[in-house]
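Notes follow the structure.
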Amino acid sequence: MVIKTTEQLLEDNRKLKEAIEKKHGKSPEDLYREREQRLRDAVELREPDRVPVHLRFNFFPPAYVEGLTIADRYRDLRPWREACKKIIVDFDSDLYGVTTAADGISGEALSILEPIGYRWPGGGLPENAMNQVIETEPMKADEYDLFISDPGDFILR
């Protein structure tokens, strides 16, 4: 994968802004204000101009953007971030929730830490599997004092 420079990223954002303006005939700032008002109206129980749409996508980017895997969330956020931007622009939602790298969890850090109760795509699971919490009994009833003094022994290998 090609790593983009700051200048290239700024140019990509400029082009994206132009595409949004061409598509809607409004600036992103104007669209933001409209969406904010729509959400405020709904929250304040006033009738908005239309029903607000909240787009939440955890594992959707690989299904929408060719060549992306769920494991990319844990390896390299750049393609995942670009896929999320594409979805946000293409779907025009009023509000969105994006999950990136399992909300900040790095696959490299996980590989080093070896968590007892967690597996992730590319880290013991296939590339497009969902992350998994492994139920274990890392602590016995008589080990609470040890846990309080040093919890790391019960969380990491």
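For the reader, a short list of remarks on this structure follows.
- Alpha-carbon centroids, region 110-124 and region 22-56: separation in whole Å: 40
- For the chain, the share of DSSP beta bridges that are antiparallel, to the nearest 5, is 40%.
- Largest first, the residues Tyr64, Tyr144, Tyr118 sort by 1.4 Å accessible area into Tyr144, Tyr64, Tyr118.
- Result for the chain in a Gaussian network model with C-alpha springs under 10 Å: among Glu34, Glu137, Glu21, the largest mean-square fluctuation is at Glu137.
- Region 69-157: proportion of alpha-carbon pairs further apart than 23 angstrom, %: 40
- Whole-number Å³ per residue for the convex hull built on Cα positions in the chain: 186
- A 1.4 Å probe, protein heavy atoms only, puts the accessible area of Leu95 near 80 Å².
- Debye, to nearest 20: dipole size of region 9-157, +1 on Lys, Arg Cβ, -1 on Asp, Glu Cβ: 780
- As a fraction of the 1.4 Å probe accessible area of the chain, surface on carbon and sulfur atoms comes out at 56 percent.
- Working note: Cα gyration tensor of region 17-100, eigenvalues times five, square-rooted, sorted largest first, giving semi-axes of 28, 16, 9 Å.
- Of the listed residues Asp150, Asp72, the order by accessible area with a 1.4 Å probe, largest first, is Asp150, Asp72.
The values are calculated or read from the model by the stated rules, or taken from the named source; none is laboratory data. These numbers come from a predicted model, not from an experiment. Here Cβ is always computed from backbone atoms with ideal geometry, including for glycine, and neighbour counts include all displayed protein chains. Only protein heavy atoms, including side chains, enter the accessible area calculation; ligands, DNA and RNA are left aside. Shrake-Rupley method; radii C 1.70, N 1.55, O 1.52, S 1.80 Å.
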